[in-house]
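Undergrad: Sharing a structure here in structure tokens format.
What follows is calculated from the coordinates using simple rules that are stated; it is not laboratory data. Predicted, not measured: the structure shown is a model, and the values here were computed from it. Here Cβ is always computed from backbone atoms with ideal geometry, including for glycine, and neighbour counts include all displayed protein chains.
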Amino acid sequence: MIEFVRAKKRLLWAFVLLLAWACGYRYAADKAEAEQTALIAAYRHSSMVAAEQYALQLKKAQDERQRWYDFSQKQSTDLAAALSELDKTRNTLQE
């Protein structure tokens with residue numbers, strides 16, 4: 001009978017240890033999942049911020065390009081007008 005009680009105690013301790021191990025494993029798995037979720041959220045946030053910064057820089061570059069294009073168009077128009085005026089003046093002087 002005493003052996004039976006000892007065997008039951010050993011079995012109970014084994015069960016308690018198994019239960020403690022399972023609870024610890026589950027706790028560690030939940031903690032790892034929470035850390036992974038936090039890392040994914042941080043990555044998504046930083047990726048979104050980087051995309052917004054890229055879009056802003058791209059917009060600035062496009063605006064600068066358009067500004068220079070407009071400037072060159074104005075310069076071309078001014079040059080054509082100046083050349084036309086010079087031609088008129090030359091023609092007037094030749095007459």
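Undergrad: Note down the nm distance, to one decimal, between modelled labels 7 Å out along Cα→Cβ at D78 and at R65.
TA: Those two pseudo-labels are separated by 2.4 nm.
Undergrad: With unit charges on the beta carbon (Lys/Arg positive, Asp/Glu negative), name the residue among Y43, Q53, V16 whose Cα is farthest towards the positive pole of the charge dipole of the stretch 1-77.
TA: V16
Undergrad: How much of the pair distance distribution for the chain lies past 18 Å, counting alpha-carbon pairs only, in percent? Could the numbers behind the result be given before it?
TA: Numbers: 3482 of 4465 pairs.
Cα-Cα pairs of the chain separated by over 18 Å account for 78 percent.
Undergrad: So how strong a dipole does the chain carry about its Cα centre when Lys and Arg Cβ are +1 and Asp and Glu Cβ are -1, to the nearest 20 debye? Don't skip to the answer; put the middle values down first.
TA: Working: 14 positive and 12 negative charges, 230 e Å.
That gives the chain a dipole magnitude of about 1100 debye.
Undergrad: Counting only other residues whose beta carbon sits under 11 Å from that of V16, what net charge do I get with K and R as +1, D and E as -1? Spell out each step's value before the answer.
TA: Working: positive: K9, R10; negative: none.
Here the count lands on +2.
Undergrad: Taking a cut-off of 18 Å between Cα atoms, list the lysines near K60, but don't count ones fewer than 8 places away on the same chain.
TA: Answer for K60, where 18 Å is the Cα cut-off: none of the lysines qualify.
Undergrad: Using 1/(1 + (r/R0)^6) with R0 = 30 angstrom and r between the beta carbons of F4 and R26, what's the FRET efficiency to the nearest 0.05? It would help to have the intermediate numbers written out before the result.
TA: Details: r = 32 Å, r/R0 = 1.08.
Approximately 0.40, to the nearest 0.05.
Undergrad: Work out, step by step, the length gained on full extension between E35 and M48: first 0.36 nm times the residue separation, then minus their alpha carbon distance; give nm to one decimal. The partial results should precede the final answer.
TA: Numbers: separation 13, 0.36 × 13 = 4.68 nm, distance 1.98 nm.
That pair, E35 and M48, stretches by 2.7 nm at full extension.
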